[in-house]
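Here's the structure, in structure tokens; my notes come after.
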Amino acid sequence: SNTGGYMIKQWYQRRVRGRLLEALELYYFRLFKRLDCQLSRQEFTDAVALRYEFVIPDLPSTCQCGKPNSSSHALSCPLGGYSILRHNEVRDCLAELAQHAGLKGVEIERQLLPVGDFPLPHTANHAPDARMDVYCMGLWGPLQKSYLDVRIFHPGAPSYRSKSIGNLYREQEAQKKRSYGKRIIEIERGTFSPVVLSTSGGVAPECDRLLRTLAAKIASKHGNSYREAMEFIRLRLRFAVLRVCLISLRGTRIKVHHTPVGLVDLNLL
């Protein structure tokens, strides 16, 4: 009958969809395991709460800096150095991706040439010890020098709450360009790309363009599809940000004073 044929067709489609979902789950499980992108039960609960702005359970009511604690404060508080750790994690991840894409001369914390008497705008960084987070060649053109500088901001900070996320991305990129763009172009004779991300894992327009270029190069070099390369890059970067965000929620922010090992008497007999 028509009804029986329809039921068999529905059963077959559900079975095919189930197998596809199982294959997809297995693929992502293996990918997460290979990239060490696994979370504990508490980390997963905290990650979901961060993503949907739920109240995070068992979070101390007062931060160790003395201010009222919350997930937003934990991601913005400078005490403990977690904002620096978050920045360095993304910087190292970008350098790793640049090497994976086959770019030449990849360096981190490369020192810039001195400004000297060159007339840079007053908004530019004139410091003699200024450095770029990532340096590489061949990103935008053959043997062209490229300089990348990372900034990660928390859009839930009180000073940002009145602004849209799009405006925040553009403002952060503009600040980076005012500080380093002219200096890189005129003195280093290279290209400058601000790498702006938010603690939620989103990226600014220029960062998105950079990641798409890296994905195309990785796909070409390793024989992957562009979609697979882009998934790999996004997963790698977002977990780099997420890991440190989760650590900053519950990590200690004060130094633990202990007796130096050299002063401990190891002669127990």
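The values are calculated or read from the model by the stated rules, or taken from the named source; none is laboratory data. Every value quoted in this text rests on a predicted model; they were computed, and no experiment measured them. Ligands, DNA and RNA are excluded from the accessible area calculation, which covers all protein heavy atoms including side chains. Shrake-Rupley method; radii C 1.70, N 1.55, O 1.52, S 1.80 Å.
Here are the numbers for the structure shown:
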| item | result |
| --- | --- |
| Accessible-area value, Y226, 1.4 Å probe, nucleic acids and ligands omitted, Å² | 100 Å² |
| Nonlocal amide H pairs with T191, under 5 Å, H built at 1.01 Å | K145, S146, Y147 |
| Using θ = phi - 60° and Karplus 6.51 cos²θ - 1.76 cosθ + 1.60, couplings along segment 44-52 (whole Hz; Gly, Pro as x) | 5, 4, 5, 5, 5, 5, 5, 5, 9 |
| Anisotropy class of segment 172-262 from Cα gyration tensor, a/c 1.5 cut | oblate |
| Chain lengthening between I254 and L235 when straightened (0.36 nm per residue, less Cα-Cα) | 3.7 nm |
| Solvent-accessible area, 1.4 Å probe, carbon plus sulfur percent, for segment 121-225 | 51 percent |
| Semi-axis lengths, Å, segment 110-185, gyration tensor of Cα atoms, sqrt of 5 times eigenvalues | 27, 17, 11 |
| Coarse-grained scattering of segment 36-149 at q = 0.11, 0.12, 0.20 Å⁻¹, given as base-10 log I(q)/I(0) from a Debye sum over alpha-carbon atoms | -0.62, -0.70, -1.08 |
